[in-house]
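Pasting in a structure now, in C-alpha cells, and then I'll have a few things to ask.
The values are calculated or read from the model by the stated rules, or taken from the named source; none is laboratory data. Small disclaimer: the values here were computed from a predicted structure and weren't measured. Because the Cβ atoms are built from the backbone with ideal geometry, glycine has one as well, and the counts that use them run over all protein chains shown. Remember, those area values only see protein heavy atoms, side chains included, never the ligands or the DNA or RNA. Shrake-Rupley method; radii C 1.70, N 1.55, O 1.52, S 1.80 Å.
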Amino acid sequence: MKLSDKIAAYNSSRPFYTFEFFPPRTDQGFENLIPRISRLSTLNPLAISVTWGAGGSTRERSIDLAGLTQSDYGIDTVLHLTCTNMLPGMVDDALRAAKVRGIQNVLALRGDPSRGTEHWTPVDSQFTRGIDLVKYIRSSPEFSSHFCIGVAAYPEGHPDRETDEDGSLNVLKEKVDAGADFIVTQLFYDADPFLEWVDKVRAKGITVPIIPGVMPIQTYSSFLRLIKLCGVKVPPSVMAALEPICHDDQLVKDYGVGLAVDIIRKITSTGTIKGIHFCTLNLEKSVQLVIEKLQWAGSSPTMKNRLIADAPGPMIHVQLTNSSDLVIDPTTATNTATSALTFKQTLDPDPGRGELNNAATWDDFPNGRFGDYKSPAFGAQDQWGGSGLSQYEGLSEWGHPKSTDDLTSLVLRYLHSEVSSSPFSSLPLSPESLTILPHLEQLTKRGWWTISSQPAVDGACSTDEVFGWGPRGGYVYQKGFVEFFVAEQDLEKIEKKIKEKGQGWVHYFAGNLQGKCRSNVPDDGRNAVTWGMFPGQEITQTTIIERESFLTWKDEAFSIWAEWASFYPPGSEERELLNSVRMERWLVSIVHHDYKRPDALWTFLLDGEL
Ligand SMILES: Cc1cc2nc3c(=O)[nH]c(=O)nc-3n(C[C@H](O)[C@H](O)[C@H](O)COP(=O)(O)OP(=O)(O)OC[C@H]3O[C@@H](n4cnc5c(N)ncnc54)[C@H](O)[C@@H]3O)c2cc1C
Ligand SMILES: NC(=O)c1ccc[n+]([C@@H]2O[C@H](COP(=O)([O-])OP(=O)(O)OC[C@H]3O[C@@H](n4cnc5c(N)ncnc54)[C@H](O)[C@@H]3O)[C@@H](O)[C@H]2O)c1
C-alpha cells in the first residue's frame with residue numbers, strides 16, 4: 001500500500017514510525033538481518049525502508065531485500081533510489097523490479113558522489129537531481145499511478161552547502177510540486193531548530209507529511225563520524241553529557257536512547273509531526289527501547305512473547321572460499337533468507353542467540369576496528385555519505401605529498417597530533433594508541449606507514465579512562481595489533497621473520513590492490529583480539545580478526561588512496577605518487593598473541609635487522 005494513503009488513514013493518538021535498514025554487505029549479515037527485521041516488525045511499523053548503497057553499489061541487494069520484506073513479510077516497504085551511477089535504462093529497470101515485487105513506495109534521491117570522486121557527476125543527463133526522478137516517475141504511464149514518492153530534506157542544510165536555507169526550501173518545494181507525496185528528513189539532535197524549520201516548510205505552502213529521521217546514538221566514535229559526515233549540528237549540552245561517559249559504551253547507548261526519547265517527545269508534542277523515521281543501522285535494541293520507553297508499542301505482543309514468536313530460523317552456514325564470496329549473490333542470499341523466514345523455531349527467547357556466531361555481542365559494542373562480518377550492521381558506516389574525505393580537508397591538512405618521504409612525514413605529523421585527521425582516520429590518534437606512540441613512530445620512520453593500532457592490555461578495569469569499554473565492574477583485554485602499508489620487499493622480510501621467530505605467537509594478513517592475499521592464519525581462523533569479562537555475562541568478544549573482515553577493509557583502504565589521489569589534478573606529482581603507492585604497496589595487519597607482555601609485538605617487529 002502507498003505510504004501516503006496509510007498516513008492519511010492512520011488515526012491512532014500515538015505517532016506512527018518507520019524503520020530504515022540497509023542491505024548487509026555479507027551473506028551471513030543478510031541472513032542475520034532477517035530475524036532482526038522479523039522481531040522489529042512485530043512493533044507494527046507503518047512501513048520499513050531499504051537504502052540504496054553509496055554509488056548504487058547495492059542495487060541488486062537493495063531490491064532483493066525490499067522485495068523480501070514487501071512480498072514475504074507483507075510489510076509495506078519504501079525502496080530508496082538514487083541517480084548516482086545509473087546508466088540509461090537502469091532507473092526503469094529498478095522501478096520495474098520494484099513494481100513486480102509489489103513495492104509501491106520509492107524515496108527519490110540524487111545520491112552522494114561515489115568513492116574516489118569529490119563532486120557529484122551524472123552518468124545519465126536525464127537524472128541529475130532528486131527532482132528528476134520524481135518528475136520521471138510522475139510522467140511515466142507505467143509508474144505514475146503505481147508509486148508513492150518520498151523525497152529527502154535537510155533541516156540543518158545539505159552538507160554540500162550548494163544552497164542556503166531559502167534555496168533548500170525552494171528545492172524542497174520544487175520536489176513536492178513535481179509530485180512527491182512525503183518528506184523524510186536528515187538526522188538531527190536538536191529539536192528546537194527542527195521545529196522552527198518545520199514552520200518554515202509549512203509557511204512555504206508545503207503540506208505533505210514530514211517524517212523526521214531519528215537515530216539513537218550507538219557509540220561515541222560512530223556518533224562523531226556521523227555528525228562529521230552528515231554535517232549535523234550537535235547542541236553543546238549533548239556533547240557535554242557525552243564527553244564524561246564517552247569511554248563507557250553502555251552509558252553512551254543508554255544516553256542515546258534517552259536523548260532520542262526526549263527529542264521525539266518534544267517534536268511530536270506540537271501535533272504537527274505525526275510519525276518518526278528510525279534509522280536502525282540494522283541494530284535493533286536501541287530502537288526497540290526507544291519505542292518501549294515512549295510506550296508506543298501498543299497492542300504488540302509483550303517482549304517475551306514477541307521474541308518467542310519471532311525467534312530466528314535455523315543456523316545456516318555459508319562456506320566462504322574466497323573474498324569474492326563476500327559480495328552477496330542476491331539470489332543465494334534471498335533463498336537462504338527466505339528459508340530462514342519460513343522455518344520459525346519457537347525455542348530461543350534471546351534476541352541475540354540464534355544469530356550466526358557473535359554478531360549479536362559485537363553489535364552491543366560495535367567499536368569499529370574490524371567488526372563482525374556476519375553482523376547485519378557490518379559496514380554500516382559505509383552505506384552512503386562517501387568516505388568522509390573532503391578535498392578541502394585533504395589539501396589543507398595533508399598538503400601536497402610528492403615523495404614517499406613526504407608520506408612518511410605526514411603519518412608522523414598525524415601521530416604527533418600536528419594534524420587532526422589522516423586519510424585513514426577522521427579522528428585524532430586515540431589515547432590508547434598514544435601509549436604506544438614511540439613504536440608507531442619507529443615503524444613509520446622505516447616507511448611502514450601505520451594506519452591503525454592497539455596496545456596489549458591484560459585486564460584493565462572496564463571503566464578505565466583509556467582502555468575501558470562495556471558495562472561497569474568488568475575487565476577488558478587486548479592483544480597488541482598494528483596495521484600498516486609496506487613495500488613488497490619489506491613484507492617478504494616480515495614474513496621470513498614471522499616464520500623463523502614468530503613461533504605461533506604472531507599472525508598476519510597482507511593484501512594488495514591486485515587482490516592477492518598472504519597470511520599464516522588458517523582459512524577459517526578467527527582471532528579474538530579484544531574481549532571483556534563482565535559480571536553475570538558470558539565473555540564478550542568485540543574485535544575479531546579474520547580473513548573476510550580484513551579483505552573487506554583492505555578494499556576500502558585501497559579505495560581511500562584513489563579518492564585522495566583524485567583531489568589533485570590529473571598528471572600532477574601528487575596524484576602520480578598516491579596512485580603508484582596504491583598499485584605497489586601492501587596493507588599488512590599483524591597481531592601478537594602474548595597480551596601479557598605489552599612490548600611483545602613491538603620488540604618482535606622492531607628489534608634487530610629485518
Ligand atoms: C532520509 C534520507 C535517506 C537517504 N537515503 C540514501 C540512500 O539510500 N542512498 C544514498 O546513496 N543516499 C541516501 N541519502 C543521501 C542523499 O542521497 C544525499 O544527501 C544527496 O547528496 C542528496 O540527495 P537529495 O535527493 O536530497 O538531493 P537533491 O534534492 O537533488 O539536492 C542535491 C543538492 O543539489 C542542490 N540542488 C538541488 N536542486 C537545486 C537547484 N534547482 N538549484 C540549486 N541547487 C539545487 C541541493 O540543495 C543539494 O545540495 C539519504 C538522505 C536522506 C536525508
Ligand atoms: N578490519 C580492519 O582491519 C580495519 C582496520 C582499521 C580500520 N578499519 C575500518 O576503519 C573504519 C574505522 O574503524 P576503527 O574505528 O577501528 O578505526 P580507527 O580509525 O578508530 O583506528 C583504530 C585505532 O587505531 C588508531 N590509529 C588511527 N590512525 C592510526 C595511525 N596512523 N597509526 C596508528 N594507529 C592509528 C586509532 O587511534 C584507534 O585507536 C571502519 O570502516 C573499519 O571497518 C578496519
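Looking only at segment 134-167, filter to residues that are within 28 Å of the chain's Cα centre (by Cα) and closer than 21 Å to Asp5 by Cα; which one of those is nearest to ligand 2 (Cβ to nearest atom)?
Checking each candidate, the answer is Ala152.
While we're here: Residues that are part of a loop (DSSP other than H, G, I, E, B), β-branched (Val, Ile, Thr) and open to solvent by less than 60 Å² (accessible area, probe 1.4 Å): does segment 117-125 have at least one?
Here is the first cut: in segment 117-125, the residues part of a loop (DSSP other than H, G, I, E, B) are 117-125.
Right, trim to β-branched (Val, Ile, Thr) and you get 117, 121, 123.
In the following step, the residues that additionally are open to solvent by less than 60 Å² (accessible area, probe 1.4 Å) were identified as 117.
Taking every residue of segment 117-125 in turn, at least one turns out to be part of a loop (DSSP other than H, G, I, E, B), β-branched (Val, Ile, Thr) and open to solvent by less than 60 Å² (accessible area, probe 1.4 Å).
Out of the residues in segment 84-109 that are in a loop (DSSP other than H, G, I, E, B) and modelled with pLDDT of 95 or more, state the one that is least open to solvent (accessible area, probe 1.4 Å). Full working, then the answer.
Residues of segment 84-109 that are in a loop (DSSP other than H, G, I, E, B), as a first pass: 84-89, 101-104.
Next cut, modelled with pLDDT of 95 or more only: 101-104.
Numbers: Arg101: 82, Gly102: 33, Ile103: 0, Gln104: 47 Å².
For segment 84-109, the residue satisfying everything is Ile103.
Using the structure shown, decide if Glu500 is more than 17 Å from Ser589 (Cβ to Cβ) and more than 16 Å from ligand 1 (Cβ to nearest atom).
yes
Let me ask something else. Mind checking which helices (runs of 4 or more DSSP H) fall wholly inside segment 510-610 and carry at least 3 residues that are farther than 30 Å from Ser462 by Cα?
Result: 547-565, 573-584.
Conditions (1) of a type in the set (A, V, I, L, M); (2) within 25 Å of Gly29 (Cβ to Cβ); (3) open to solvent by 10 Å² or more (accessible area, probe 1.4 Å); (4) touching a residue at least 12 places away in the same chain (Cβ under 8 Å), marked per residue:
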residue	(1), (2), (3), (4)
Thr540	no, yes, no, yes
Glu548	no, yes, yes, yes
Thr552	no, yes, yes, yes
Phe558	no, yes, no, yes
Ser566	no, no, yes, yes
Arg585	no, no, yes, yes
Tyr595	no, no, yes, yes
Thr603	no, no, yes, no
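Sort out which residues of segment 58-77 are open to solvent by 10 Å² or more (accessible area, probe 1.4 Å), more than 9 Å from ligand 1 (Cβ to nearest atom) and closer than 20 Å to Ala152 by Cβ, and write them in order of number. Before you say what the answer is, go through the steps one by one.
Just the residues of segment 58-77 that are open to solvent by 10 Å² or more (accessible area, probe 1.4 Å), to begin with: 58-61, 63-64, 70-76.
With more than 9 Å from ligand 1 (Cβ to nearest atom) added as a condition, the list becomes 59-61, 63-64, 70-76.
Matches in segment 58-77: Arg59, Ile63, Asp76.
Asp76 versus (1) in contact (Cβ under 8 Å) with a residue 40 or more places away in the chain; (2) under 20 Å from Leu172 (Cα atoms): which is the lone unmet condition?
Status for Asp76: all satisfied but (2).
To continue, here is another question. Search segment 388-435 for residues being within 16 Å of ligand 1 (Cβ to nearest atom) and closer than 21 Å to Ser580 by Cβ, and hand back the single one that is farthest from the chain's Cα centre (by Cα).
Top of the filtered list is Gln391.
Another one. Take the conditions part of a helix (DSSP H, G or I) and modelled with pLDDT under 65 and apply them to Asp406. Does it pass? It would help to see each step written out before you state the result.
Numbers: part of a helix (DSSP H, G or I): yes; modelled with pLDDT under 65: no.
So Asp406 does not fit the description; no.
Also: If you scan segment 456-495, which residues turn out to be closer than 18 Å to Ser589 by Cβ and either open to solvent by 20 Å² or more (accessible area, probe 1.4 Å) or part of a loop (DSSP other than H, G, I, E, B) (or both)?
Those that are closer than 18 Å to Ser589 by Cβ and either open to solvent by 20 Å² or more (accessible area, probe 1.4 Å) or part of a loop (DSSP other than H, G, I, E, B) (or both): Ala456, Lys479, Ala487, Glu488, Asp490, Glu492, Lys493, Glu495.
Here's a follow-up. Condition test on Val506, is it of a type in the set (Val, Ile, Thr), within 27 Å of Phe558 (Cβ to Cβ), touching a residue at least 24 places away in the same chain (Cβ under 8 Å) and touching a His at 6+ places or on another chain (Cβ under 7 Å)? Outline the logic, then answer.
Numbers: of a type in the set (Val, Ile, Thr): yes; within 27 Å of Phe558 (Cβ to Cβ): yes; touching a residue at least 24 places away in the same chain (Cβ under 8 Å): yes; touching a His at 6+ places or on another chain (Cβ under 7 Å): yes.
It is true that Val506 is of a type in the set (Val, Ile, Thr), within 27 Å of Phe558 (Cβ to Cβ), touching a residue at least 24 places away in the same chain (Cβ under 8 Å) and touching a His at 6+ places or on another chain (Cβ under 7 Å).
Keeping to segment 28-57, report how many residues are open to solvent by 20 Å² or more (accessible area, probe 1.4 Å), part of a helix (DSSP H, G or I) and away from ligand 1 (no atom under 13 Å from the Cβ).
Going through segment 28-57 one residue at a time, the tally reaches 1.
Find the residue count for segment 18-27, including only residues that are more than 16 Å from ligand 2 (Cβ to nearest atom) and open to solvent by 10 Å² or more (accessible area, probe 1.4 Å). Explain how you work it out, then say what you get.
First, pick out the residues of segment 18-27 that are more than 16 Å from ligand 2 (Cβ to nearest atom): 18-21, 23, 27.
With open to solvent by 10 Å² or more (accessible area, probe 1.4 Å) added as a condition, the list becomes 20, 27.
Of the residues in segment 18-27, 2 are more than 16 Å from ligand 2 (Cβ to nearest atom) and open to solvent by 10 Å² or more (accessible area, probe 1.4 Å).
Out of curiosity, is Thr530 out of contact with any Gly (no Cβ under 9 Å at 6 or more places or on another chain) and surrounded by 20 or more Cβ atoms within 10 Å (Cβ to Cβ)? Even if it seems obvious, please write down each step before you answer.
Numbers: out of contact with any Gly (no Cβ under 9 Å at 6 or more places or on another chain): yes; surrounded by 20 or more Cβ atoms within 10 Å (Cβ to Cβ): yes.
Against the criterion (out of contact with any Gly (no Cβ under 9 Å at 6 or more places or on another chain) and surrounded by 20 or more Cβ atoms within 10 Å (Cβ to Cβ)), Thr530 qualifies.
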